[in-house]
């Protein structure tokens, strides 16, 4: 997903998901809960999942959520946007 900007269809779809979530009154805390549940599930399903793989999953999920949040017109998710920029989550340009 680090190239979502190069794939406008993907970026537009994720932003549309953000607008849909906004209409359902989804807030920033919901994304954090979803991320934790996804990571917990991955760990439970793969007992060999190591720290590096966990960090990779977290980075992918953060990137995904960051694009979804871009579609939310409300400022309630601005903190998450700031926390999930590529630099903030340790991604190198690419």
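Where a number appears in this text, it was derived from the coordinates with a stated rule and is not lab data. Everything quoted here is computed from the prediction, not taken from an experiment. Cβ: placed from backbone, ideal geometry, glycine included. Neighbour counts: every protein chain shown.
Observations, loosely collected:
- Proxy reagent accessibility, fewest Cβ within 10 Å first, across 61, 20: 20, 61
- FRET efficiency, 1/(1 + (r/R0)^6) with R0 35 Å, evaluated for residue 13 and residue 56 via beta carbons: 0.95
- Residue exposure proxy: 67, 30, ordered by other Cβ atoms within 10 angstrom of their Cβ from fewest to most, comes out as 30, 67.
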